[in-house]
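Working notes, beginning with the structure itself.
The values are calculated or read from the model by the stated rules, or taken from the named source; none is laboratory data. Note that the structure is a prediction, hence the values are computed from the model and not measured. Ideal geometry is used to build each Cβ from the backbone, glycine not excepted, and the neighbour counts take in all protein chains shown. In case anyone asks, the SASA skips ligands and DNA or RNA and just uses the protein heavy atoms, side chains included. Shrake-Rupley method; radii C 1.70, N 1.55, O 1.52, S 1.80 Å.
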Amino acid sequence: MAALIGRDLLGLADLSSTELQELLELATLLKSQQLKLQCNKVLGLLFSKASTRTRVSFTVAMYQLGGQVIDLNPNVTQVSRGEPLQDTARVLDRYLDIFAIRTFAQQDLETFANYAESPVINALTDLEHPCQILADLLTIQECFGTLAGLTLTYVGDGNNVANSLMLGCALVGMNVRVAFPSGYAPDAEIVEKARTIANNKTEVVLTHDPEAAAKGASVLYTDVWASMGQEAEADNRFPIFQPYQISDQLLSLADPAAIVLHCLPAHRGEEITEEVIEGSQSKVWDQAENRLHAQKALLASILGAK
Ligand code: CP
Ligand code: NVA
C-alpha cells in the first residue's frame, strides 16, 4: 500500500517517482479487488467549475471504499456571499476528513490547504490537473505494459493538463513533447520543474511544430483549445489552433501502434476529429474509466484503506 497518509496532492510533483508508480500499482489492483476504509470517512467536493468525470468518479470511488461524500457547490455555501476561504477552510475542516477542490487560481487551493489540516486534493485548477494524469498514465501502462522510455506528444493549448502531463511523464521516465501555437506555452516554472525531474535522462521538448512532435510518438494527446474560464476567447483561438488538431493525417506520423488520449470533454472538429476520437487507436473511454480506479487508489492511500 502506498503510504500517502494524511498528505495533500496540490500538484503532481508533490509525489515522488516511486510514490506515483506505487499509486498506479494500487490502482491496477483496485480494478479487480475491493479495499475498505477502517472507519467511515467523509469527502467534501468543493467545485467552482463544471465537472462530469471528476465529480462522479471521486464520489463513486469514495462510496466503493465505504466512505461518504458531500458535494459542496460554492453557490450553496456562504462562499458565494464572500465568506473568506481561510474561514471556510477552518470550519469545514472540523466536519470533513478530506477535500477535493476544483477552482481557478492555484493560490486559492494552496490557501485552503494551509488553513485545513485534513488532506486536500487538486481536482483541477488553472495551473494543474494531477488526478487526470494519474488516470492517463494508468491507461498508457495498460496499453504498453510499461511507461519508461515511451514518448507522449501533447498538441494544443499549454494549459493545466499539459502542465501536469509534463510533470507526470518526467516522473515515470517518459519523453514528453508539447506542440503549441506561439503565445500559448505551458507554465514556464512547471517546464523547469519537469526538466529538473527528468534530469537529462528523458526529453521535455517544447515546439510550435505539431508534425515534428507527432513523429514516432506512442501517445498523442490533446485537450480543449479554450479551458473553463476562457470561453470568451474561444472564437479568437479557433483559427490559431487549427494546425494543432489531431487528425488522421497527424496520427499517421505517430508510431503505428500509437494510442490517442483526450481528457474529455472533447470538441469534435476542433482539437480532435470525429474519425480519430471514434477510431481504433482512441483509448479515451478506458482513460475516462481509469479516473475512478486512479482516484480510488489516491483516496485509499491518503486515508489508509485496508
Ligand atoms: N477530464 C475531466 O476532468 O473531466 P470533468 O471536467 O468532466 O471532470
Ligand atoms: N483544460 C480543461 C480541462 C477540462 C477537464 C479545462 O481546464 O477546462
>> Just to be sure before I move on: is SER17 of a type in the set (S, T, N, Q) and within 16 Å of ligand 2 (Cβ to nearest atom) in the structure I sent?
In response: no
> Looking at ASP126, is it in a loop (DSSP other than H, G, I, E, B), out of contact with any Asp or Glu (no Cβ under 7 Å at 6 or more places or on another chain) and surrounded by fewer than 24 Cβ atoms within 10 Å (Cβ to Cβ)?
Replying inline: yes
>> Within the range 203-220, does at least one residue satisfy the condition of being more than 30 Å from CYS39 (Cα to Cα), within 14 Å of ligand 2 (Cβ to nearest atom) and crowded, with 24+ Cβ neighbours inside 10 Å?
In response: no
> With respect to the numbered conditions (1) touching a Ser or Thr at 6+ places or on another chain (Cβ under 9 Å); (2) crowded, with 18+ Cβ neighbours inside 10 Å, which one is the sole condition not fulfilled by ALA257?
Replying inline: (2)
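Considering the range 1-21 alone, what residues qualify as being part of a loop (DSSP other than H, G, I, E, B), open to solvent by less than 30 Å² (accessible area, probe 1.4 Å) and farther than 17 Å from ILE190 by Cα? Spell out how you get there, then give the answer.
Here is the first cut: in the range 1-21, the residues part of a loop (DSSP other than H, G, I, E, B) are 1-8, 10-11, 15-16.
The next check asks that each one be open to solvent by less than 30 Å² (accessible area, probe 1.4 Å); those that pass are 2, 4, 10-11, 15.
Correct list: ALA2, LEU4.
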> Limited to the range 161-198, what total is found for residues that are polar (S, T, N, Q) and open to solvent by 50 Å² or more (accessible area, probe 1.4 Å)?
Replying inline: 2
> Do you know which residues across the range 72-117 are in contact with an Asp or Glu (Cβ under 9 Å, 6 or more places away or on another chain), among the small types (Gly, Ala, Ser) and outside any helix (DSSP H, G or I)?
Replying inline: ALA105, ALA116
> Pick from the range 28-53 the residues that are within 17 Å of ASP286 (Cβ to Cβ) and within 16 Å of ligand 1 (Cβ to nearest atom): which of them is nearest to the chain's Cα centre (by Cα)?
Replying inline: ARG53
> Only one of these conditions is not met by LEU292: (1) in contact (Cβ under 8 Å) with a residue 40 or more places away in the chain; (2) surrounded by fewer than 23 Cβ atoms within 10 Å (Cβ to Cβ); (3) over 16 Å from the mean Cα position of the chain (by Cα). Which number is it?
Replying inline: (3)
>> Quick check on the range 229-237. Is at least one of its residues open to solvent by 10 Å² or more (accessible area, probe 1.4 Å), away from ligand 2 (no atom under 16 Å from the Cβ), free of Cβ contacts under 8 Å to residues at least 40 places away in the same chain and of a type in the set (Asp, Glu)?
In response: yes
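Residue by residue, here is whether (1) touching a residue at least 24 places away in the same chain (Cβ under 8 Å); (2) small (Gly, Ala, Ser); (3) out of contact with any Ser or Thr (no Cβ under 8 Å at 6 or more places or on another chain) holds:
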{"residue": "THR88", "(1), (2), (3)": "yes, no, no"}
{"residue": "ARG94", "(1), (2), (3)": "no, no, yes"}
{"residue": "ASP97", "(1), (2), (3)": "yes, no, no"}
{"residue": "GLN107", "(1), (2), (3)": "no, no, yes"}
{"residue": "GLU110", "(1), (2), (3)": "yes, no, yes"}
{"residue": "TYR115", "(1), (2), (3)": "yes, no, yes"}
{"residue": "ALA123", "(1), (2), (3)": "yes, yes, no"}
